[in-house]
1. At R0 = 45 Å, how high is the FRET efficiency between LYS12 and ILE239 if r is their beta carbon distance? Nearest 0.05 is fine.
2. Assuming 0.36 nm per residue, please report the length gained on full extension of the stretch GLU2 to VAL29 beyond their Cα-Cα distance.
3. Label points 7 Å out from Cα along the Cβ direction at LEU40 and LEU179: separation in nm?
4. Stretch ASN92-LYS170 to full length: gain in nm at 0.36 nm per residue minus the Cα-Cα span?
5. Between SER205 and SER141, what is the FRET efficiency for a Förster distance of 30 Å, r being their Cβ-Cβ separation, to the nearest 0.05?
6. To the nearest 0.05, what FRET efficiency results for SER273 and ALA132 with a Förster distance of 41 Å applied to their C-beta separation?
Amino acid sequence: MEPRIIVTLLRKEVNDSLKNRWFVLYASVFAGLALLLSWLSLSGGGIGYSGFASFGRTAASLVNLVSLIVPLMALTVGAGSLAGEQERGTLNYLLSQPVSRAEVLLGKYLGLAASLLGALGLGFGLSGLVIAGRGGQTDASAYGLLVAFAFALALGMLSLSFLVGVLARKATVATSVTLFLWLTLVFGGDLGLMGTALAFKLPISTLFHLALINPLQVFKMSSLISINATLDVLGPAGIYAMQTYGQGLTRLFLGSLVTWVIIPLFASYVIFSQRGDV
């Protein structure tokens with residue numbers, strides 16, 4: 001693969017993202033809400049609600065915000081970009097040039113990843129400035145770990161969106177599928193696990209390992225650890241995780257999120273490279 005070609009495609013995707021009104025809207029909403037939630041969390045407390053307690057409320061608000069907006073942003077923007085170019089025929093024109101399918105896929109992925117992480121970095125950066133300016137006491141490494149897990153979640157959802165885009169071929173179909181996936185991941189996680197546990201009387205270990213399949217659940221659990229909280233709030237499954245994996249939980253959660261980055265992207269490449277048409 002030619003790095004020059006990949007960089008050129010990367011820059012094109014970044015420019016296209018800045019012109020995409022949906023991406024700009026998602027990025028603006030995330031940055032605005034991150035700023036607002038941080039301000040309110042640090043302003044609303046009285047005695048006994050400052051310092052680390054205030055940061056805990058801010059971090060919890062950011063976790064919920066990331067869980068809702070980031071998957072939606074990554075899934076819809078990624079799938080729409082790839083499937084949209086296939087539908088318009090611009091991808092056919094691009095592939096008629098002296099470029100390989102691997103270069104096209106990697107360049108588009110890296111460009112969208114740079115745009116997505118840049119938007120998240122803006123939101124988290126504004127939030128961090130508010131925390132520092134309002135006197136919130138926190139460990140910078142804890143906040144950095146929270147941001148790192150959010151980035152990993154975003155990249156995983158972007159990889160999944162590419163798989164949807166390769167399979168769907170039409171932007172409308174890709175968008176519909178990604179919205180369904182978003183609803184399933186967001187609202188089917190907690191409710192689905194609770195219903196499954198009640199219906200089949202699953203052991204605690206099985207319940208925890210099922211939670212590892214959902215990247216949003218992994219992000220939520222890893223975020224609790226990053227802000228020095230305990231998984232006891234998750235009930236018996238959280239207690240089981242702490243007792244079984246201990247200090248290795250962070251590596252386990254990170255490995256799960258990285259798997260979501262690698263496997264869907266690799267599957268996208270295999271399907272895209274073996275297909276004779278676009």
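No lab work stands behind these numbers, since they all come straight from the coordinates. Because the structure is a prediction, the values reported are computed rather than measured. Counting neighbours? That spans all protein chains shown, and the Cβs are built from the backbone with ideal geometry, glycine included.
1. On the way: r = 49 Å, r/R0 = 1.09.
It comes to 0.35.
2. Numbers: separation 27, 0.36 × 27 = 9.72 nm, distance 3.63 nm.
Gain in length upon complete extension: 6.1 nm.
3. About 2.6 nm, to one decimal.
4. Details: separation 78, 0.36 × 78 = 28.08 nm, distance 1.38 nm.
Working it through step by step, the gained length comes to 26.7 nm.
5. Numbers: r = 30 Å, r/R0 = 1.01.
So, using R0 = 30 Å, E works out to roughly 0.50.
6. Details: r = 47 Å, r/R0 = 1.14.
Computed FRET efficiency for SER273 and ALA132: 0.30.
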